[in-house]
Amino acid sequence: MTTPEQIWTWLEEVKDPEIPVLSLVDLGVITKVEITNEELVNIVLTPTFAGCPAMAYMKKAVEDTLQEHGVSEYTVTLNFDEPWNSNKISEKGRKALQQFGLAPPPTYNLILDLDILEQAICPYCQSTDTTLRTPFGPTLCRSMHYCRNCHQLFEQFKPV
Amino acid sequence: MDSEFALVDLLYKMADDQLILGHRNSEWTGIGPLLEEDIAFSSMAQDKLGHSLALYQLLHELGEADPDTLAFMRNANQFHCCHLVELPIGDYAFSLMRHFLFDNAELLRFEALTQSTYEPLAKVAVKLKSELKYHVLHANTLIRQLGTATPESTERLQKALEEAWPYALGIFEESIYEEQIISSKLFIGEVKLKQDWLAKIETILGQTNLKVPIPNTLTPALGGRMGQHTPYLQALLNEMTEVYNIDPNAEW
């Protein structure tokens, strides 16, 4: 018999398509894993960004994972009932981002202002002497920063 | 029943604004005046299309057609966007000014909607609001910088401000359901939103060399919310649906 705990473990193996070191579980996008009395598996995901093109891919990856583990009766839905914010990224996820060369988002009180955006720590040299270049990077979830210490341009997973 | 009409009307105008401005912003992709601005407008375009999808999805759940059909299968007179979002991109000063005027209104709109009595909309608003903060931050930063930079930058922005202003007032064109929208607490209503917006816009522009047009001297561009549009909208819709119209069975 499949248990929700097992499913959570399987989903640890499903990675963000653009950040292959970060699992969907550590990204914090899975808001519900439920098995009904009729053995139907219901999984709910919440988009990181409303316009993120990777969400359709993530949904498909979750469906493929369920099938690979022999689950044939399932629903995978995307909704905003529990909206995602960057504080939902786990500690493990933050370490993985840092090792990947992408500064993790600072945890904050969900009131976004310039000060928070500018608080990026360089993932290469750990300097805090950095400056925001633009809040819009190569993907919706990344901002661009410059490190005055090691003179590298770097990206941050931006706080939302 | 009436309040459902009011809700559908409210959702259509917001979704259509997002879709059309998203397409306009995407026209900067590859031709931005700076690489960073090219990327910023492209990212905001992507966000706005995502926002329109979320709102069309709410409409679909209320019995309207699916999001793709709503976005790509209607004629201009079935759209409820304001004229401001339909206008061509013009020069960068105009696009920046439109973005500043529109996105400040939009952020206030979605902040208010987080309190909507229609819960699915309130939930979507929480999400969109957090993304819109980046759009407003971008607009306000650049308006402050360029509005105090050189005589040329100030002059070009001032011209853009005067051009865009009557259209920006059209954002707040009231719905025929306005009373129900307010009394059922779906939304605070356009009059209140416009007051909040004016205060916000005046504060930012007050930090620059730009002069706010005196609101009563310019006639608002109205009609968009009722399906009356500039010729630019149908031309844009034709472009958006060009491939589909050539080959409805085309696969990507």
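General observations
- Residue B:171 open to solvent by less than 10 Å² (accessible area, probe 1.4 Å), over 25 Å from residue B:140 (Cβ atoms) and touching a Leu at 6+ places or on another chain (Cβ under 7 Å): no
- Neighbours by Cβ (under 9 Å, 6+ apart or cross-chain): first from the stretch B:225-242, outside any helix (DSSP H, G or I); second of a type in the set (D, E, K, R): B:229/B:86; B:230/B:86
- For the stretch B:1-102, the helices (runs of 4 or more DSSP H) that sit wholly inside it and include 3 or more residues that are within 14 Å of chain A (Cβ to nearest Cβ) and within 30 Å of residue B:155 (Cβ to Cβ) are B:2-26, B:35-61.
- In the stretch A:81-127, the residue that is farthest from the other protein chains (Cβ to nearest Cβ) out of those that are outside any helix (DSSP H, G or I), touching a residue at least 60 places away in the same chain (Cβ under 8 Å) and not hydrophobic (A, V, I, L, M, F, W, C) is A:90.
Let's see how each residue does on (1) among the hydrophobic types (A, V, I, L, M, F, W, C); (2) in contact (Cβ under 8 Å) with a residue 40 or more places away in the chain:
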position	(1), (2)
B:155	no, no
B:160	yes, yes
B:166	no, yes
B:183	no, no
B:197	yes, yes
B:202	no, no
B:209	no, yes
B:222	yes, yes
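- Residue B:187 within 14 Å of residue B:112 (Cα to Cα) and surrounded by 20 or more Cβ atoms within 10 Å (Cβ to Cβ): yes
- All strands (runs of 3 or more DSSP E) inside the stretch A:21-80 with 1 or more residues being within 14 Å of chain B (Cβ to nearest Cβ) and under 23 Å from residue A:91 (Cβ atoms): A:30-35, A:41-45
- Residue A:21 vs. criteria open to solvent by less than 20 Å² (accessible area, probe 1.4 Å) and in the same structural domain as residue A:70 (by the TED database): no
- Where helices (runs of 4 or more DSSP H) fall wholly inside the stretch B:111-184, the ranges with 1 or more residues that are within 11 Å of chain A (Cβ to nearest Cβ) and farther than 30 Å from residue A:79 by Cα are B:119-146.
- Selection of the stretch B:51-79 for residues being buried (at least 23 other Cβ atoms within 10 Å of the Cβ) and not aliphatic (A, V, I, L, M) yields B:51, B:52, B:56, B:79.
- Selection within the stretch B:143-167 - hydrophobic (A, V, I, L, M, F, W, C) and surrounded by fewer than 20 Cβ atoms within 10 Å (Cβ to Cβ): B:149
- Any hit, the stretch B:110-125, residues being in contact with a Ser or Thr (Cβ under 8 Å, 6 or more places away or on another chain), open to solvent by 50 Å² or more (accessible area, probe 1.4 Å) and of a type in the set (D, E, K, R): no
- Residues located in the stretch A:142-160, provided they are more than 10 Å from chain B (Cβ to nearest Cβ) and touching a Ser or Thr at 6+ places or on another chain (Cβ under 9 Å): A:145, A:146, A:147, A:148, A:149, A:150, A:154, A:155, A:156, A:157
The values are calculated or read from the model by the stated rules, or taken from the named source; none is laboratory data. Since the model is a prediction, treat every value here as computed from it, not as a measurement. Cβ sites come from the backbone with ideal geometry, for glycine too, and all protein chains shown count toward neighbours. Accessible surface is based on the protein model in full, side chains and every heavy atom, while ligands, DNA and RNA are left aside. Shrake-Rupley method; radii C 1.70, N 1.55, O 1.52, S 1.80 Å.
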